[in-house]
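Structure first, then comments.
The values are calculated or read from the model by the stated rules, or taken from the named source; none is laboratory data. What you are looking at is a predicted structure, and each value in this text was computed from that prediction instead of being measured. Glycine gets a Cβ as well: all are built from the backbone with ideal geometry, and neighbour counts include every protein chain shown. What goes into the accessible areas is simple: the full protein's heavy atoms, side chains included, and nothing from ligands, DNA or RNA. Shrake-Rupley method; radii C 1.70, N 1.55, O 1.52, S 1.80 Å.
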Amino acid sequence: MRLLMHICCAPCACYPFRKLSGEGLEVEGMFYNPNIHPYLEWNRRLSTVQKWARLAGAKVYYEGFYGLKEFLRQVVFREEERCRYCYRIRLRAVAGYAARGGFSAYSTTLLYSIYQKHALIKEIGEKVGEREGIKFFYRDFRSGFREGVRLSKTWDLYRQPYCGCIYSEQERYQTSRKPGWEKG
């Protein structure tokens, strides 16, 4: 089976690529992440995927267009649904590329993360696959989370501290304070 896998970041790619390649699948990757903010973070993740691909001997396609404006236009005032939109745009791009490129199926390294919404990813992946005419390959890679962390540290890969979007960056710093003025 020839599988095109969306790559959200290099640390999340380590385990799924090794696992599936070990099972005899021909796995190639695609880096497409217009959600990542700021640009320097996006560029750092892109560079880290390129480094990982060289070290792992992986074939990866890169979308060089940043795309943050379009992402933000779709999620502003719908912040609670941002993950749904984010999964859909990335999976749609990868599924379309996979269908045109003669792949057997497509998937995503998001399925490795213990922080992502797996049921939602699977639902969207299957719907997008039907629409694009290509099978969505679902596998829960979370059992290999510690192995992937170990591999990423062995290869000295940049490990990002948040999912990628401006909202997830805010959530990592935000305390549980309520809105309003405080006396200082």
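Of everything in the stretch 93-148, what is over 23 Å from P161 (Cα atoms) and of a type in the set (D, E)? Give them in sequence order.
E123, E126, E130, E132
Which of the strands (runs of 3 or more DSSP E) found entirely inside the stretch 13-131 contain at least 3 residues meeting this: crowded, with 16+ Cβ neighbours inside 10 Å?
The qualifying strands (runs of 3 or more DSSP E) are 26-31, 105-108.
Of the residues L72, L110, which is in contact with a His (Cβ under 9 Å, 6 or more places away or on another chain) and modelled with pLDDT under 95?
Answer to the check: L72.
What single numbered condition from (1) on the phi > 0 side of the Ramachandran plot; (2) touching a residue at least 60 places away in the same chain (Cβ under 8 Å) fails to hold for G24?
Result: G24 fails condition (2) only.
Just wondering, is there one or more residues in the stretch 150-164 that are under 22 Å from H37 (Cβ atoms), part of a helix (DSSP H, G or I) and within 14 Å of the chain's Cα centre (by Cα)?
No, because not a single residue in the stretch 150-164 is under 22 Å from H37 (Cβ atoms), part of a helix (DSSP H, G or I) and within 14 Å of the chain's Cα centre (by Cα).
Which is more than 17 Å from the chain's Cα centre (by Cα) and not hydrophobic (A, V, I, L, M, F, W, C), of R78, R45?
None of the other options fit; the residue is R78.
Could you tell me how many of the residues in the stretch 1-12 are under 15 Å from C163 (Cβ atoms) and open to solvent by 10 Å² or more (accessible area, probe 1.4 Å)?
2
Which condition does E147 not pass, out of (1) in a helix (DSSP H, G or I); (2) more than 17 Å from the chain's Cα centre (by Cα); (3) at pLDDT below 95; (4) of a type outside the set (S, T, N, Q), if it passes all the others?
That leaves (3) as the condition not met.
Inside the stretch 142-171, can you point out the residues that are surrounded by 19 or more Cβ atoms within 10 Å (Cβ to Cβ) and more than 22 Å from L46 (Cα to Cα)?
none
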